[in-house]
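This report concerns only the one structure given below.
What follows is calculated from the coordinates using simple rules that are stated; it is not laboratory data. Keep in mind the model is a prediction, meaning the values are calculated, not measured. For neighbour counting, all protein chains shown are included, and Cβ atoms are generated from backbone atoms with ideal geometry for every residue, glycine included.
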Amino acid sequence: RRLVGQRADASLEANLATSLHNLGNALVVQGRPGAAIEHYEKAVEIQTRLGEQQRESDWAGDLALSHSHSGNALLSQQKFEAMISHYEKAIEILPGLIAKERRSELANELALIHGNRGAVRRAQGKLDASVADFGVAIKMLAALIEQQGRSASPLEQTNRSARPIVRSHVDIVIAYSE
């Protein structure tokens, strides 16, 4: 049954998509990425429909993250083409949100997605494409680090430099490919 018809219903459906996405995250943490995929896919379906019906970008960031997490979860099944498809959909969505709506908090996620796609391409033997993706990720992360450095106090700069910048599934993909 479709819930969307009125504004309140859209909000409920958005909450359902968020809950499905979060359940997918919990299943991944439990070591059940195969089970997580189903929930991410349902979240993607709802978020896509909401975006089309409402003509708003409120759900676009969530949709991009659901695509990214679907791609990550597909790793356990070594479905590399499906992973790339999800990463590419996220890559299509995020630059517009970052540039037009000034959603800079998504820039790190976009860099990680490029890195994840690069790792998958490496596993497929598509080395030129892999190098290009890693180059984009590195360029984006370097720009983010520079931006943070300019706006941060010396203490914040020290704290940030001590934290790892990139956390992705690159090592896992590489392990599967070897």
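If the viscosity is 0.692 mPa s and the temperature 37 °C, what translational diffusion coefficient in µm²/s does Stokes-Einstein give for region 85-132 when Rh comes from Kirkwood over Cα pairs?
Estimated via Stokes-Einstein, D reaches 294 µm²/s.
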Expressed as cubic angstrom per residue, what is the convex hull volume of the alpha carbon set of region 1-135? 106
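Using a cut-off of 12 Å between beta-carbons, work out the net charge of the residues near residue 19 (Lys and Arg +1, Asp and Glu -1, residue 19 not included).
-1
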